[in-house]
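**Q** For reference, the structure I am asking about is given below.
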Amino acid sequence: MIEPFPGQVQGLRSQNRRAILAAIRRLGRTARVDIARETGISAPTVTSITADLVAQGLVEEVVDEESRAPGATRGRPRVLLRIRPDAFLVGGAKISEDHVTVTLMDFEGTESQHHVIEARLLDKTPLEVVAHLRRATEEALAETGRGLGDLSCLGVGLPGFVESGRGWVYWSPCFRARDVPFGALLEEAFPFPVFLDNDANLAALAEQWFGYGRGVADFIVVTIEQGVGMGIVLDHRLFRGTRGIGAEFGHVKVERDGALCRCGQRGCLEAYVADYALLREASMALDPGGPPIEPRAALDALFAAAKAGDRTALSIFDRAGRMFSLGLANLVNIFDPGLIIFSGEQMRYDFLYGARVLDQMRANAITVERPAPRIRVHKWGDRLWAMGAAALAIDGLTERVLRDIPPREAAG
Ligand SMILES: [Zn+2]
(Lines give C-alpha, C1' and ligand atoms only; values in the text may rest on other atoms or scores of the structure.)
Protein backbone atom coordinates (compact mmCIF):
# COMPACT_ATOMS: atom_id res chain seq x y z
CA MET A 1 0.00 0.00 0.00
CA ILE A 2 1.26 3.51 -0.81
CA GLU A 3 1.92 5.63 2.28
CA PRO A 4 -0.40 8.65 2.32
CA PHE A 5 0.58 12.28 2.87
CA PRO A 6 -0.96 13.86 5.99
CA GLY A 7 -4.43 15.08 5.04
CA GLN A 8 -4.87 12.37 2.44
CA VAL A 9 -5.57 9.92 5.21
CA GLN A 10 -9.36 10.32 5.38
CA GLY A 11 -9.73 10.16 1.62
CA LEU A 12 -7.61 7.04 1.55
CA ARG A 13 -9.63 5.47 4.31
CA SER A 14 -12.92 5.99 2.52
CA GLN A 15 -11.34 4.69 -0.67
CA ASN A 16 -10.26 1.60 1.27
CA ARG A 17 -13.78 1.18 2.65
CA ARG A 18 -15.16 1.16 -0.88
CA ALA A 19 -12.52 -1.30 -2.07
CA ILE A 20 -13.08 -3.66 0.86
CA LEU A 21 -16.86 -3.62 0.55
CA ALA A 22 -16.57 -4.25 -3.19
CA ALA A 23 -14.19 -7.14 -2.55
CA ILE A 24 -16.58 -8.75 -0.06
CA ARG A 25 -19.39 -8.37 -2.58
CA ARG A 26 -17.29 -9.90 -5.32
CA LEU A 27 -15.85 -12.78 -3.26
CA GLY A 28 -19.02 -13.71 -1.36
CA ARG A 29 -18.28 -15.23 2.05
CA THR A 30 -14.68 -14.42 2.63
CA ALA A 31 -11.98 -14.25 5.33
CA ARG A 32 -10.21 -11.02 6.27
CA VAL A 33 -6.91 -12.43 5.08
CA ASP A 34 -8.41 -13.05 1.63
CA ILE A 35 -9.78 -9.51 1.50
CA ALA A 36 -6.29 -8.19 2.25
CA ARG A 37 -4.84 -10.33 -0.51
CA GLU A 38 -7.58 -9.36 -2.98
CA THR A 39 -7.33 -5.60 -2.37
CA GLY A 40 -3.65 -5.21 -1.48
CA ILE A 41 -4.71 -3.36 1.70
CA SER A 42 -2.76 -4.22 4.87
CA ALA A 43 -4.28 -6.78 7.26
CA PRO A 44 -4.56 -4.34 10.23
CA THR A 45 -6.39 -1.81 8.01
CA VAL A 46 -8.74 -4.53 6.76
CA THR A 47 -9.46 -5.54 10.36
CA SER A 48 -10.15 -1.95 11.39
CA ILE A 49 -12.32 -1.08 8.40
CA THR A 50 -14.33 -4.29 8.44
CA ALA A 51 -15.05 -3.58 12.14
CA ASP A 52 -16.53 -0.25 11.02
CA LEU A 53 -18.57 -1.94 8.30
CA VAL A 54 -19.91 -4.52 10.77
CA ALA A 55 -20.79 -1.75 13.26
CA GLN A 56 -22.52 0.13 10.43
CA GLY A 57 -24.62 -2.98 9.66
CA LEU A 58 -23.38 -3.33 6.08
CA VAL A 59 -21.35 -6.47 6.69
CA GLU A 60 -21.84 -9.40 9.07
CA GLU A 61 -19.73 -12.19 10.45
CA VAL A 62 -20.65 -15.80 9.72
CA VAL A 63 -19.02 -18.97 10.92
CA ASP A 64 -17.30 -20.96 8.19
CA GLU A 65 -19.21 -24.24 8.36
CA GLU A 66 -16.38 -26.08 6.61
CA SER A 67 -14.03 -25.25 9.48
CA ARG A 68 -16.48 -27.00 11.84
CA ALA A 69 -17.03 -30.04 9.67
CA PRO A 70 -15.85 -33.41 10.97
CA GLY A 71 -12.26 -33.97 9.94
CA ALA A 72 -11.49 -30.26 9.77
CA THR A 73 -8.55 -29.03 11.80
CA ARG A 74 -9.44 -28.44 15.44
CA GLY A 75 -9.47 -25.09 17.10
CA ARG A 76 -11.79 -22.15 16.86
CA PRO A 77 -14.08 -22.17 13.79
CA ARG A 78 -13.06 -19.67 11.14
CA VAL A 79 -15.08 -16.46 10.90
CA LEU A 80 -15.98 -15.14 7.47
CA LEU A 81 -17.49 -11.86 6.38
CA ARG A 82 -20.33 -11.29 4.00
CA ILE A 83 -22.62 -8.48 2.88
CA ARG A 84 -25.49 -8.36 5.39
CA PRO A 85 -28.53 -9.39 3.30
CA ASP A 86 -31.17 -7.70 5.44
CA ALA A 87 -29.26 -4.42 5.74
CA PHE A 88 -31.57 -3.00 3.08
CA LEU A 89 -34.45 -4.02 0.84
CA VAL A 90 -33.72 -2.73 -2.65
CA GLY A 91 -35.91 -2.43 -5.76
CA GLY A 92 -35.06 -2.47 -9.45
CA ALA A 93 -37.41 -1.57 -12.28
CA LYS A 94 -37.27 -1.75 -16.03
CA ILE A 95 -39.69 0.46 -17.90
CA SER A 96 -40.60 -0.82 -21.36
CA GLU A 97 -43.00 0.59 -23.90
CA ASP A 98 -45.75 -1.85 -22.97
CA HIS A 99 -44.94 -3.08 -19.47
CA VAL A 100 -43.09 -2.35 -16.25
CA THR A 101 -41.03 -5.02 -14.48
CA VAL A 102 -40.06 -4.70 -10.83
CA THR A 103 -37.72 -6.89 -8.83
CA LEU A 104 -37.05 -6.81 -5.09
CA MET A 105 -33.68 -7.80 -3.73
CA ASP A 106 -31.84 -7.97 -0.44
CA PHE A 107 -28.63 -6.00 0.02
CA GLU A 108 -26.52 -9.02 -0.85
CA GLY A 109 -28.27 -9.25 -4.24
CA THR A 110 -30.66 -12.17 -3.78
CA GLU A 111 -33.97 -11.64 -5.52
CA SER A 112 -37.05 -12.12 -3.36
CA GLN A 113 -39.86 -10.94 -5.61
CA HIS A 114 -40.54 -10.27 -9.26
CA HIS A 115 -43.59 -8.50 -10.63
CA VAL A 116 -44.75 -7.33 -14.06
CA ILE A 117 -47.61 -5.02 -14.98
CA GLU A 118 -48.90 -4.46 -18.49
CA ALA A 119 -49.05 -0.79 -19.38
CA ARG A 120 -49.10 0.79 -22.80
CA LEU A 121 -46.88 3.81 -22.22
CA LEU A 122 -46.17 5.19 -25.69
CA ASP A 123 -48.66 8.05 -25.56
CA LYS A 124 -48.40 8.71 -21.83
CA THR A 125 -46.86 11.73 -20.16
CA PRO A 126 -43.70 11.30 -18.04
CA LEU A 127 -45.81 11.77 -14.89
CA GLU A 128 -48.19 9.02 -15.99
CA VAL A 129 -45.22 6.72 -16.58
CA VAL A 130 -44.02 7.49 -13.04
CA ALA A 131 -47.50 6.62 -11.74
CA HIS A 132 -47.36 3.23 -13.52
CA LEU A 133 -43.94 2.59 -12.01
CA ARG A 134 -45.21 3.45 -8.56
CA ARG A 135 -48.16 1.09 -8.96
CA ALA A 136 -45.89 -1.74 -10.15
CA THR A 137 -43.53 -1.16 -7.20
CA GLU A 138 -46.37 -1.06 -4.66
CA GLU A 139 -47.87 -4.25 -6.09
CA ALA A 140 -44.51 -6.07 -5.93
CA LEU A 141 -44.13 -5.02 -2.30
CA ALA A 142 -47.73 -5.90 -1.42
CA GLU A 143 -47.17 -9.45 -2.70
CA THR A 144 -44.71 -9.93 0.14
CA GLY A 145 -46.81 -8.07 2.68
CA ARG A 146 -44.73 -4.92 2.55
CA GLY A 147 -45.13 -1.29 1.54
CA LEU A 148 -43.10 1.57 0.12
CA GLY A 149 -41.84 2.36 3.62
CA ASP A 150 -39.96 -0.96 3.68
CA LEU A 151 -37.94 -0.16 0.58
CA SER A 152 -34.57 1.63 0.91
CA CYS A 153 -34.08 2.70 -2.68
CA LEU A 154 -35.07 1.98 -6.26
CA GLY A 155 -33.06 1.70 -9.46
CA VAL A 156 -34.87 2.47 -12.71
CA GLY A 157 -33.92 1.59 -16.27
CA LEU A 158 -35.48 3.48 -19.15
CA PRO A 159 -34.80 3.08 -22.87
CA GLY A 160 -33.57 6.15 -24.71
CA PHE A 161 -30.98 8.87 -24.23
CA VAL A 162 -30.60 9.07 -20.46
CA GLU A 163 -27.99 11.03 -18.51
CA SER A 164 -27.77 8.99 -15.35
CA GLY A 165 -25.96 11.37 -12.99
CA ARG A 166 -28.36 14.24 -13.67
CA GLY A 167 -31.46 12.07 -13.94
CA TRP A 168 -32.13 13.68 -17.30
CA VAL A 169 -33.95 12.09 -20.24
CA TYR A 170 -33.16 13.71 -23.58
CA TRP A 171 -35.38 11.29 -25.44
CA SER A 172 -37.17 8.05 -24.65
CA PRO A 173 -39.53 5.95 -26.74
CA CYS A 174 -41.67 5.60 -23.60
CA PHE A 175 -43.09 9.12 -23.78
CA ARG A 176 -43.50 11.90 -26.32
CA ALA A 177 -41.90 14.71 -24.30
CA ARG A 178 -38.20 15.44 -24.78
CA ASP A 179 -35.71 16.89 -22.28
CA VAL A 180 -37.49 15.59 -19.19
CA PRO A 181 -36.05 15.88 -15.63
CA PHE A 182 -37.30 12.34 -15.08
CA GLY A 183 -35.01 11.67 -12.10
CA ALA A 184 -36.53 14.62 -10.24
CA LEU A 185 -40.07 13.34 -10.99
CA LEU A 186 -39.06 9.95 -9.58
CA GLU A 187 -37.56 11.50 -6.44
CA GLU A 188 -40.85 13.34 -5.85
CA ALA A 189 -42.94 10.20 -6.33
CA PHE A 190 -41.01 7.95 -3.93
CA PRO A 191 -39.99 8.42 -0.30
CA PHE A 192 -36.44 7.11 -0.87
CA PRO A 193 -33.50 7.67 -3.26
CA VAL A 194 -34.14 6.68 -6.88
CA PHE A 195 -31.31 6.00 -9.33
CA LEU A 196 -31.99 6.31 -13.05
CA ASP A 197 -30.02 4.97 -16.00
CA ASN A 198 -30.32 3.88 -19.59
CA ASP A 199 -31.74 0.37 -19.62
CA ALA A 200 -28.96 -1.16 -21.71
CA ASN A 201 -26.39 0.08 -19.19
CA LEU A 202 -28.35 -1.84 -16.59
CA ALA A 203 -28.31 -4.96 -18.75
CA ALA A 204 -24.50 -4.65 -18.68
CA LEU A 205 -24.53 -4.21 -14.88
CA ALA A 206 -26.78 -7.26 -14.58
CA GLU A 207 -24.37 -9.35 -16.66
CA GLN A 208 -21.50 -8.08 -14.52
CA TRP A 209 -23.22 -8.88 -11.20
CA PHE A 210 -25.29 -11.92 -12.04
CA GLY A 211 -24.54 -13.15 -15.57
CA TYR A 212 -21.81 -13.97 -18.07
CA GLY A 213 -19.84 -10.79 -17.35
CA ARG A 214 -18.82 -11.83 -13.81
CA GLY A 215 -15.10 -11.27 -13.40
CA VAL A 216 -14.63 -10.16 -17.04
CA ALA A 217 -12.72 -6.86 -17.24
CA ASP A 218 -13.81 -5.70 -20.71
CA PHE A 219 -17.06 -6.74 -22.31
CA ILE A 220 -19.93 -5.38 -24.33
CA VAL A 221 -23.59 -6.21 -24.01
CA VAL A 222 -25.73 -5.68 -27.08
CA THR A 223 -29.43 -5.67 -26.35
CA ILE A 224 -32.07 -6.14 -28.98
CA GLU A 225 -35.75 -5.82 -28.32
CA GLN A 226 -37.99 -2.93 -29.28
CA GLY A 227 -34.78 -1.01 -29.87
CA VAL A 228 -31.08 -1.80 -30.00
CA GLY A 229 -28.94 -0.86 -27.03
CA MET A 230 -25.45 -1.39 -25.73
CA GLY A 231 -23.67 -1.38 -22.40
CA ILE A 232 -19.89 -1.14 -22.25
CA VAL A 233 -17.81 -2.37 -19.34
CA LEU A 234 -14.17 -1.29 -19.52
CA ASP A 235 -11.70 -2.30 -16.83
CA HIS A 236 -14.61 -3.56 -14.66
CA ARG A 237 -16.44 -0.21 -14.86
CA LEU A 238 -19.53 0.81 -16.78
CA PHE A 239 -18.64 3.40 -19.43
CA ARG A 240 -21.30 6.08 -19.90
CA GLY A 241 -19.67 8.88 -21.88
CA THR A 242 -19.56 12.57 -20.92
CA ARG A 243 -23.26 13.34 -21.34
CA GLY A 244 -24.45 9.85 -20.53
CA ILE A 245 -25.41 9.18 -24.12
CA GLY A 246 -22.39 7.14 -25.15
CA ALA A 247 -22.77 3.55 -26.24
CA GLU A 248 -25.83 4.29 -28.37
CA PHE A 249 -25.13 1.37 -30.66
CA GLY A 250 -28.69 1.42 -32.00
CA HIS A 251 -28.09 4.84 -33.46
CA VAL A 252 -24.77 4.30 -35.20
CA LYS A 253 -25.30 4.99 -38.87
CA VAL A 254 -25.17 2.02 -41.17
CA GLU A 255 -26.62 3.75 -44.25
CA ARG A 256 -26.44 7.32 -45.41
CA ASP A 257 -29.94 8.89 -45.67
CA GLY A 258 -31.30 5.44 -44.87
CA ALA A 259 -34.45 4.25 -43.11
CA LEU A 260 -36.12 6.63 -40.66
CA CYS A 261 -35.37 5.87 -37.00
CA ARG A 262 -37.58 6.55 -33.97
CA CYS A 263 -34.98 9.02 -32.71
CA GLY A 264 -35.71 11.26 -35.72
CA GLN A 265 -32.49 10.58 -37.61
CA ARG A 266 -31.97 8.39 -40.65
CA GLY A 267 -29.90 5.31 -41.33
CA CYS A 268 -29.57 4.20 -37.69
CA LEU A 269 -28.84 0.51 -37.11
CA GLU A 270 -32.01 0.28 -35.03
CA ALA A 271 -34.07 1.35 -38.04
CA TYR A 272 -33.09 -1.96 -39.67
CA VAL A 273 -32.98 -4.56 -36.93
CA ALA A 274 -35.36 -3.52 -34.12
CA ASP A 275 -38.90 -4.85 -33.73
CA TYR A 276 -40.52 -1.83 -35.29
CA ALA A 277 -38.17 -1.90 -38.27
CA LEU A 278 -38.96 -5.55 -38.99
CA LEU A 279 -42.67 -4.89 -38.47
CA ARG A 280 -42.57 -2.02 -40.94
CA GLU A 281 -41.29 -4.44 -43.55
CA ALA A 282 -43.47 -7.30 -42.35
CA SER A 283 -46.63 -5.28 -42.97
CA MET A 284 -45.69 -5.33 -46.64
CA ALA A 285 -44.53 -8.94 -46.76
CA LEU A 286 -47.43 -10.51 -44.87
CA ASP A 287 -50.96 -10.37 -46.21
CA PRO A 288 -51.41 -6.56 -46.49
CA GLY A 289 -55.19 -6.81 -46.97
CA GLY A 290 -55.71 -9.16 -44.03
CA PRO A 291 -57.00 -8.27 -40.56
CA PRO A 292 -54.68 -6.21 -38.31
CA ILE A 293 -52.31 -8.43 -36.40
CA GLU A 294 -50.71 -7.89 -32.98
CA PRO A 295 -47.01 -6.86 -33.33
CA ARG A 296 -45.53 -9.85 -31.50
CA ALA A 297 -47.69 -12.25 -33.53
CA ALA A 298 -46.72 -10.46 -36.75
CA LEU A 299 -43.02 -10.86 -35.94
CA ASP A 300 -43.52 -14.53 -35.10
CA ALA A 301 -45.39 -15.01 -38.40
CA LEU A 302 -42.59 -13.28 -40.30
CA PHE A 303 -39.98 -15.44 -38.59
CA ALA A 304 -41.96 -18.62 -39.30
CA ALA A 305 -42.27 -17.59 -42.95
CA ALA A 306 -38.50 -17.08 -43.21
CA LYS A 307 -37.87 -20.47 -41.59
CA ALA A 308 -40.22 -22.03 -44.13
CA GLY A 309 -38.16 -20.50 -46.94
CA ASP A 310 -40.37 -17.56 -47.91
CA ARG A 311 -38.05 -15.39 -50.01
CA THR A 312 -39.50 -12.02 -49.02
CA ALA A 313 -39.34 -12.85 -45.32
CA LEU A 314 -35.81 -14.21 -45.75
CA SER A 315 -34.70 -11.04 -47.49
CA ILE A 316 -35.98 -8.92 -44.59
CA PHE A 317 -33.99 -10.89 -42.01
CA ASP A 318 -31.01 -11.12 -44.33
CA ARG A 319 -30.81 -7.35 -44.69
CA ALA A 320 -31.24 -6.85 -40.94
CA GLY A 321 -28.46 -9.40 -40.33
CA ARG A 322 -26.08 -7.68 -42.74
CA MET A 323 -26.66 -4.29 -41.13
CA PHE A 324 -26.18 -5.83 -37.70
CA SER A 325 -22.91 -7.52 -38.67
CA LEU A 326 -21.58 -4.21 -40.00
CA GLY A 327 -22.37 -2.48 -36.72
CA LEU A 328 -20.77 -5.31 -34.74
CA ALA A 329 -17.58 -5.20 -36.81
CA ASN A 330 -17.28 -1.48 -36.03
CA LEU A 331 -17.67 -2.23 -32.33
CA VAL A 332 -14.95 -4.85 -32.41
CA ASN A 333 -12.62 -2.47 -34.26
CA ILE A 334 -13.14 0.27 -31.69
CA PHE A 335 -13.23 -1.60 -28.37
CA ASP A 336 -11.56 -4.94 -29.00
CA PRO A 337 -13.68 -6.57 -26.26
CA GLY A 338 -12.89 -10.04 -24.93
CA LEU A 339 -16.56 -10.91 -24.83
CA ILE A 340 -19.74 -9.76 -26.54
CA ILE A 341 -23.02 -10.76 -24.93
CA PHE A 342 -26.23 -10.62 -26.94
CA SER A 343 -29.08 -10.12 -24.56
CA GLY A 344 -32.80 -9.57 -24.86
CA GLU A 345 -36.11 -10.90 -26.01
CA GLN A 346 -35.31 -10.54 -29.69
CA MET A 347 -32.73 -13.28 -29.24
CA ARG A 348 -35.60 -15.63 -30.02
CA TYR A 349 -34.96 -14.69 -33.65
CA ASP A 350 -31.66 -16.42 -34.19
CA PHE A 351 -30.98 -14.73 -37.51
CA LEU A 352 -29.21 -11.91 -35.64
CA TYR A 353 -26.54 -14.13 -34.14
CA GLY A 354 -26.49 -16.93 -36.70
CA ALA A 355 -23.22 -18.16 -38.21
CA ARG A 356 -23.72 -15.98 -41.27
CA VAL A 357 -23.96 -12.74 -39.30
CA LEU A 358 -20.95 -13.65 -37.17
CA ASP A 359 -18.93 -14.59 -40.27
CA GLN A 360 -19.77 -11.22 -41.83
CA MET A 361 -18.79 -9.50 -38.59
CA ARG A 362 -15.40 -11.25 -38.55
CA ALA A 363 -14.87 -10.46 -42.22
CA ASN A 364 -15.28 -6.73 -41.50
CA ALA A 365 -13.32 -6.67 -38.25
CA ILE A 366 -9.55 -6.39 -37.97
CA THR A 367 -8.03 -9.84 -37.87
CA VAL A 368 -4.95 -10.76 -35.88
CA GLU A 369 -3.45 -14.06 -34.84
CA ARG A 370 -5.37 -14.16 -31.57
CA PRO A 371 -9.01 -15.30 -31.50
CA ALA A 372 -11.90 -12.92 -32.21
CA PRO A 373 -14.12 -11.90 -29.23
CA ARG A 374 -16.15 -14.65 -27.63
CA ILE A 375 -19.86 -14.37 -28.34
CA ARG A 376 -22.49 -15.45 -25.82
CA VAL A 377 -26.24 -15.28 -26.17
CA HIS A 378 -28.37 -14.61 -23.13
CA LYS A 379 -32.10 -14.97 -23.66
CA TRP A 380 -33.13 -13.27 -20.47
CA GLY A 381 -36.21 -11.14 -20.53
CA ASP A 382 -36.93 -7.96 -18.62
CA ARG A 383 -36.14 -9.67 -15.33
CA LEU A 384 -32.42 -9.38 -16.07
CA TRP A 385 -32.74 -5.67 -16.78
CA ALA A 386 -34.68 -5.08 -13.57
CA MET A 387 -31.98 -6.96 -11.66
CA GLY A 388 -29.41 -4.63 -13.22
CA ALA A 389 -31.50 -1.69 -12.02
CA ALA A 390 -31.41 -3.14 -8.51
CA ALA A 391 -27.61 -3.48 -8.79
CA LEU A 392 -27.45 0.21 -9.73
CA ALA A 393 -29.54 1.02 -6.67
CA ILE A 394 -27.32 -1.10 -4.40
CA ASP A 395 -24.25 0.72 -5.76
CA GLY A 396 -25.85 4.14 -5.30
CA LEU A 397 -27.09 3.37 -1.82
CA THR A 398 -23.72 1.93 -0.77
CA GLU A 399 -22.03 5.13 -1.91
CA ARG A 400 -24.43 7.24 0.16
CA VAL A 401 -24.03 5.10 3.25
CA LEU A 402 -20.23 5.10 3.00
CA ARG A 403 -20.25 8.88 2.62
CA ASP A 404 -22.27 9.18 5.81
CA ILE A 405 -19.91 7.07 7.94
CA PRO A 406 -18.14 9.56 10.22
CA PRO A 407 -14.41 9.39 9.54
CA ARG A 408 -12.26 8.06 12.38
CA GLU A 409 -9.68 10.16 14.15
CA ALA A 410 -6.79 7.89 13.27
CA ALA A 411 -6.33 5.90 10.13
CA GLY A 412 -5.80 2.22 10.69
ZN1 LIG B 1 -31.76 6.57 -34.33
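The values are calculated or read from the model by the stated rules, or taken from the named source; none is laboratory data. Bear in mind that the values here come from a model prediction, so they are computed numbers and not experimental data. Note: ideal-geometry Cβ built from the backbone for every residue, glycine included; neighbour counts use all protein chains shown. Accessible surface is based on the protein model in full, side chains and every heavy atom, while ligands, DNA and RNA are left aside. Shrake-Rupley method; radii C 1.70, N 1.55, O 1.52, S 1.80 Å.
**Q** Please calculate how many Å² of accessible area the range 9-83 carries per residue, with a 1.4 Å probe and no DNA, RNA or ligand atoms counted. Kindly include the intermediate steps, with their values, before the conclusion.
**A** Numbers: 4070 Å² over 75 residues.
On a per-residue basis, the range 9-83 sits at 54 Å².
**Q** Let me ask another. List the lysines whose Cα sits under 20 Å from the Cα of residue 94, skipping any in the same chain fewer than 8 residues away.
**A** List returned: 124, 379.
**Q** A further question follows. Just for the range 214-379, what percent of DSSP beta bridges are antiparallel, to the closest 5? Let's see the in-between values first.
**A** On the way: 11 of 21 bridges.
For the range 214-379, the DSSP antiparallel bridge percentage is about 50.
**Q** Still on this structure: Where does the charge balance sit around residue 98 when Lys and Arg score +1, Asp and Glu -1, over other residues with C-beta under 13 Å from its C-beta?
**A** Values: positive: 94, 120, 124, 296; negative: 97, 118, 123, 225, 275, 294, 345, 382.
Overall, the nearby charge balance is -4.
**Q** How fast does the range 131-210 diffuse by Stokes-Einstein, in µm²/s, taking the Kirkwood radius from C-alpha pairs at 37 °C and 0.692 mPa s?
**A** Values: Rh = 13.4 Å.
D, rounded to a whole number, is 244 µm²/s.
**Q** How much accessible area per residue does the range 230-373 have, counting only protein heavy atoms and a probe of 1.4 Å, in square angstrom?
**A** Numbers: 7580 Å² over 144 residues.
That works out to 53 Å² for each residue.
**Q** If I stretch the segment between residue 318 and residue 367 completely, what's the gain in nm (0.36 nm per residue apart, minus their alpha carbon distance), one decimal?
**A** Working: separation 49, 0.36 × 49 = 17.64 nm, distance 2.39 nm.
In short, 15.2 nm is gained.
**Q** When Lys and Arg each count +1 and Asp and Glu each count -1, what net charge do the other residues less than 9 Å away from residue 26, Cβ to Cβ, add up to?
**A** Local charge sum for residue 26: +1.
**Q** Between residue 236 and residue 307, what is 0.36 nm times their sequence separation minus the Cα-Cα distance? Round to one decimal in nm.
**A** Net length gain for the segment: 21.6 nm.
**Q** Check each of the trypsin sites (Lys or Arg not before Pro) in the range 178-241 and keep only those in coil by DSSP with at most 11 other C-beta atoms within 10 angstrom; list them in order.
**A** Working: sites: 178, 214, 237, 240; in loops: 178, 214, 240.
Qualifying residues, ordered by number: 214.
**Q** How far is the Cα center of the range 157-187 from the Cα center of the range 200-236, in Å?
**A** First find each Cα centre; the distance between them is then 20 Å.
**Q** I've got another one for you. Would you work out what percent of the accessible area of the range 9-83, with all protein chains in place, is carbon or sulfur (probe 1.4 Å)?
**A** Numbers: 2100 of 4070 Å².
Roughly 52 percent, rounded to a whole number.
**Q** OK, next. May I ask you to rank 369, 281 by accessible area, largest first, using a 1.4 Å probe over the protein chains only?
**A** On the way: 369 190, 281 65 Å².
From most exposed to least exposed: 369, 281.
**Q** Please give the Cα centre distance for the range 101-127 versus the range 330-346, rounded to the nearest Å.
**A** About 26 Å separates the Cα centre of the range 101-127 from the one of the range 330-346.
**Q** At a 1.4 Å probe radius, carbon and sulfur cover how many percent of the accessible area of the range 214-379?
**A** Numbers: 4400 of 8490 Å².
Carbon with sulfur: 52 percent of the solvent-accessible area.
**Q** Let me have the relative contact order for the chain, percent, based on Cα pairs under 8 Å that are six or more residues apart.
**A** Details: 760 pairs, mean separation 64.6, N = 412.
Result for the chain is 16 percent.
**Q** Share of Cα-Cα pairs in the range 9-83 beyond 18 Å, in percent?
**A** Numbers: 1071 of 2775 pairs.
Here the long-distance tail beyond 18 Å is 39 percent of all Cα pairs in the range 9-83.
**Q** Within the chain, what percent of beta bridges assigned by DSSP are antiparallel, to the nearest 5?
**A** Details: 35 of 55 bridges.
Antiparallel: roughly 65 percent of the beta bridges in the chain.
**Q** Can you list which of the trypsin sites (Lys or Arg not before Pro) found in the range 244-339 are DSSP loop residues with at most 13 other C-beta atoms within 10 Å?
**A** Numbers: sites: 253, 256, 262, 266, 280, 296, 307, 311, 319, 322; in loops: 256, 262.
Answer in residue order: 256.
**Q** Could you give me the radius of gyration and the Dmax of the chain, taking only the C-alpha atoms into account and expressing both in angstrom?
**A** 23.7, 81
**Q** Nearest 500 deg cm²/dmol is fine: what mean residue ellipticity at 222 nm does the chain get from its DSSP H runs of n ≥ 4 alone, each adding -39,500 (n - 2.57), divided by its residue count? List each step's numbers first, then the result.
**A** Numbers: 12 runs with 164 residues, N = 412.
Calculated from helices alone, the mean residue ellipticity at 222 nm is -13000 deg cm²/dmol.
**Q** Run the 1.4 Å probe and let me know the accessible area of residue 377, rounded to the nearest 10 Å².
**A** 40
**Q** While we're here: Along the positive direction of the dipole of the range 214-379 (beta-carbon charges: Lys, Arg +1; Asp, Glu -1; about the Cα centre), which of 224, 368, 324 reaches farthest?
**A** 368
**Q** Residues with amide H under 5 Å of residue 84's amide H, sequence separation 5 or more or different chain, H placed in the peptide plane at 1.01 Å from N; which?
**A** Here 59, 60 satisfy the definition.
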